[in-house]
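This report concerns only the one structure given below.
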Amino acid sequence: MRGLPNSIQARDVEYVLHPVTNARKHEEIGPIVIDRGEGIYVYDDQGNRYIEALAGLWSVAVGFGEKRLVEAATRQMAKLPYYHTFSHKTNEPSVLLAERLVKMAPDRLKRAFFANSGSEANDSVIKMVWYYNNARGLRQKKKFIARTNAYHGITLASGSLTGLPANQRDFDLPFVPVRHVTCPHHYRFAEPGESEEAFADRLAAELEAVILEEGPETVAAFIGEPLMGAGGVLPPPATYWNKIQAVCRKYDVLIVADEVINGFGRLGTMFACDYYGIDPDILVLSKQITSSYQPLAAVMISQELYDGIADNSAKIGTFGHGFTTSGHPVPAAVALENLDIIEEKNLVENARRMGEVMQAELRKLADHPLVGEVRGIGLIAGVELVADKETKAKFDPVGKIGAQVFARAHENGLIIRAIGDVIAFCPPLIINEEQIHDMVRRFKLTLDETAQELLNRDVA
Ligand code: PMP
């Protein structure tokens with residue numbers, strides 16, 4: 001195990017239960033202690049430098065060590081370190097942030113509700129939709145439709161929307177009424193010879209069939225990440241969202257865009273809704289909203305939803321939902337400064353330009369013997385590793401090679417994410433061209449070493 005007796009590593013192993021980690025393996029190998037960060041880099045406590053190719057958890061847009069965010073937090077903490085927004089109280093940073101988000105977001109969205117995390121935001125979405133439909137007298141209209149491989153969080157409700165076995169197995173999920181339809185990943189789920197367009201048509205037809213099977217009077221909302229992230233970086237066919245939206249509108253099914261990863265420039269547009277032409281009733285934002293320097297999420301809703309909720313709150317006395325930290329002034333102040341930096345440094349445009357470089361460089365690896373598909377848009381990409389490029393056969397067991405690449409990448413000064421055998425890239429939006437070349441070079445080296453190790457093992 002890493003670390004000497006009584007080191008931070010040893011004490012971590014003794015005292016901490018880690019999220020989304022194999023606990024027994026963790027006891028064996030111990031943690032890497034990340035000590036500080038600067039730009040696209042983080043450093044461990046041994047002084048080793050890593051390119052943070054996933055921006056933490058898809059979140060540090062402006063890079064590590066951004067002093068302006070530290071100063072914004074410090075200023076706000078000195079003035080008003082905390083206040084709530086229950087019962088007719090407010091504070092300036094949360095109001096300014098709500099106003100700014102409404103002005104930035106797709107037209108239909110007119111109000112912001114604040115939470116701490118993406119999971120809480122999606123729990124809030126479910127409750128708001130139920131509350132709204134009860135207010136409309138549509139008491140049966142409660143079911144959600146999500147997709148397989150979706151990631152919407154891990155709480156009881158948001159974890160029910162998530163479509164990944166690892167987040168549901170042995171947690172007795174799903175817990176709320178949800179149906180999962182096919183995720184729009186052409187490489188894995190299209191029929192042989194099926195075009196992207198025909199695949200999108202088939203998925204829209206599947207959605208319609210599920211709504212009709214359940215009964216449109218029972219289906220409340222469709223939730224999707226415009227470009228799916230944690231399920232393996234899965235960009236949909238270009239026309240997918242138009243077709244899905246048409247089906248939802250036909251049956252009065254609300255459209256929820258979960259942009260917890262996509263939002264604030266990741267695809268080279270401010271929101272992925274802009275990229276795909278999605279006009280959602282609800283938009284969920286988090287992560288890059290503060291570059292994750294502070295926990296914050298926002299649920300943006302349409303005027304119709306707001307009016308339904310507002311009328312009902314007047315009728316029954318209150319909208320009885322919210323958190324101690326909803327509208328906390330410190331994360332709001334950090335978000336405002338973070339959005340200033342994104343605008344002043346043209347980081348959305350940088351993501352578009354650098355995204356083109358990253359996508360082109362990674363696609364050069366498509367010929368590598370381990371690589372099945374390279375995919376992505378802007379500064380988010382997935383490289384799927386396969387045992388057989390022709391048949392697209394996966395490695396057995398899935399995830400083993402991904403874990404090897406993940407571990408070996410550390411030795412090459414690179415932190416990536418392995419989702420099964422898909423290697424995800426989602427670097428800070430400040431990355432420059434030289435850094436992209438360095439990142440891809442380190443990744444190629446890692447792939448070559450892994451391929452060699454596989455060969456050696458076969459020969460041995
Ligand atoms: N939605 C999406 C699309 C996400 O990617 C995530 C987190 N990766 C969440 C929701 C949940 O966010 P949190 O971890 O802040 O609860």
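Yes/no per residue for (1) within 15 Å of the ligand (Cβ to nearest atom); (2) crowded, with 24+ Cβ neighbours inside 10 Å; (3) aromatic (Phe, Trp, Tyr):
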| site | (1), (2), (3) |
| --- | --- |
| Ala297 | yes, yes, no |
| Met300 | yes, yes, no |
| Tyr306 | no, no, yes |
| Ala310 | no, no, no |
| Ala314 | no, no, no |
| Gly317 | no, no, no |
| Gly320 | no, no, no |
| Thr325 | yes, no, no |
| Ala333 | no, yes, no |
(request) Please find, among Phe222, Phe199, the residue that is part of a helix (DSSP H, G or I), aromatic (Phe, Trp, Tyr) and either surrounded by 15 or more Cβ atoms within 10 Å (Cβ to Cβ) or not assigned by TED's automatic domain parsing to the domain that holds Ser119 (or both). (result) Phe199
(message) Looking at (1) under 23 Å from Gly317 (Cβ atoms); (2) within 16 Å of the ligand (Cβ to nearest atom); (3) out of contact with any His (no Cβ under 7 Å at 6 or more places or on another chain), which one does Lys127 not meet, given that it meets all the others?
(response) (3)
(request) Hey, can you tell me all the residues within the range 238-261 that are acidic (Asp, Glu) and crowded, with 23+ Cβ neighbours inside 10 Å? (result) Asp258, Glu259
(request) Can you tell me which residue among Val357, Val348 is in contact (Cβ under 8 Å) with a residue 12 or more places away in the chain, in a helix (DSSP H, G or I) and more than 19 Å from the chain's Cα centre (by Cα)? (result) Val357
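Kindly indicate the residue of the range 142-196 that is of a type in the set (A, V, I, L, M, F, W, C) and farther than 22 Å from Glu120 by Cβ and also nearest to the ligand (Cβ to nearest atom) among those meeting that condition.
Cys183
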(message) Between a residue in the range 66-86 that is farther than 21 Å from Asp340 by Cβ and any residue that is among the charged types (D, E, K, R), which pairs come within a Cβ distance under 9 Å, given they are 6 or more apart or on different chains?
(response) Tyr83/Lys89
(request) At least 2 residues that are acidic (Asp, Glu) in each: list the strands (runs of 3 or more DSSP E) lying fully within the range 24-94 that qualify. (result) 34-38
(request) For the range 215-230, indicate whether the set of residues that are out of contact with any helix residue (DSSP H, G or I) (no Cβ under 9 Å at 6 or more places or on another chain), under 25 Å from Pro106 (Cα atoms), touching a residue at least 24 places away in the same chain (Cβ under 8 Å) and within 15 Å of the ligand (Cβ to nearest atom) is non-empty. (result) yes
(message) What's the total number of residues in the range 274-290 that are in contact with a Pro (Cβ under 8 Å, 6 or more places away or on another chain) and more than 13 Å from the ligand (Cβ to nearest atom)?
(response) 6
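The values are calculated or read from the model by the stated rules, or taken from the named source; none is laboratory data. This one's a predicted model, so the numbers in the text were calculated from it and none came from an experiment. FYI the Cβ positions are ideal-geometry reconstructions off the backbone, even for glycines, and counts take in every protein chain you see.
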